[in-house]
Amino acid sequence: MSADDVKALQDLFGEKIEETVEFRGEHTVVVGLGTLRGVMEHCAGKLGYELLLDVSSLDHMGEEPRFEMVYEMASLDDSRHLRIRAAVSEDEEVPTVSDLWATADWHEREVYDMMGIRFANHPDLRRILMWEGYPFHPLRKEFPLAGKPSEMPDVAFTGVAPLEGGPFVTSPGTDRVTGEPRARGES
């Protein structure tokens, strides 16, 4: 049970556990950045959280520390779920957990790309959604909703349609069914 795991973490890490929250059966443990790696190692090893479901981040612009990392873990039989949170300043690096859960590799790359949070000892920390050299981090709160101008050329639909002459054609029609792409020769 997740409540037992929270208690085990409190017993092992003591005052380094800053807060625990239980809300609607979900358990969250808040730790300092210096304690994060040890807690995650314990969760992966001793507590048996085989699945790292998600790694995400929050931007608390105007507060210090500005960012917060959020890790969602589960047991393989889906009987236990645990959330770990840690606050991160703009100039701090978060220890990678990609060596504990392989799925963290891409999750951490996404957080780096979208928020600019760096991960210490990550094996391949490069952008995953935006192109290399893009100077902004689109999920930060100061990023405008309409985006920012860039040197990236507008490549969408400049010239010949990508599937023109291909095996599927779109039939003009007034409803969705007749307008659906069909294989050539189908009516």
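Computed values, structure above
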quantity: Furthest towards positive pole of dipole, MET130, ILE117, SER57, structure part the range 2-152, Cβ charges; calculated: MET130
quantity: Residue-count net charge about ASP113 - beta-carbon cut-off 13 Å; Lys, Arg +1, Asp, Glu -1; calculated: 0
quantity: Descending Cα extents along the principal axes, the range 11-100, whole Å; calculated: 40, 31, 26
quantity: Relative contact order computed over the range 2-152 (Cα-Cα under 8 Å; 6+ residues apart), in percent; calculated: 17 percent
quantity: Viscosity 0.890 mPa s, temperature 25 °C, Stokes-Einstein D of the range 2-152 from Kirkwood C-alpha radius, µm²/s; calculated: 151 µm²/s
quantity: For the range 82-141 and the range 1-65, distance of Cα centres in Å; calculated: 18 Å
quantity: Cα centre as origin, Lys/Arg/Asp/Glu Cβ charges: the range 2-152 dipole, Debye; calculated: 180 debye
quantity: Globularity ratio of the range 50-121, using Cα Rg and 2.2 N^0.38 Å; calculated: 1.12
quantity: The range 93-133: C-alpha gyration tensor shape, a/c 1.5 cut-off, then a/b vs b/c; calculated: prolate
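Computed from the coordinates by the stated procedures, all read-outs in this text should not be read as laboratory data. Bear in mind that the values here come from a model prediction, so they are computed numbers and not experimental data. Cβ sites come from the backbone with ideal geometry, for glycine too, and all protein chains shown count toward neighbours.
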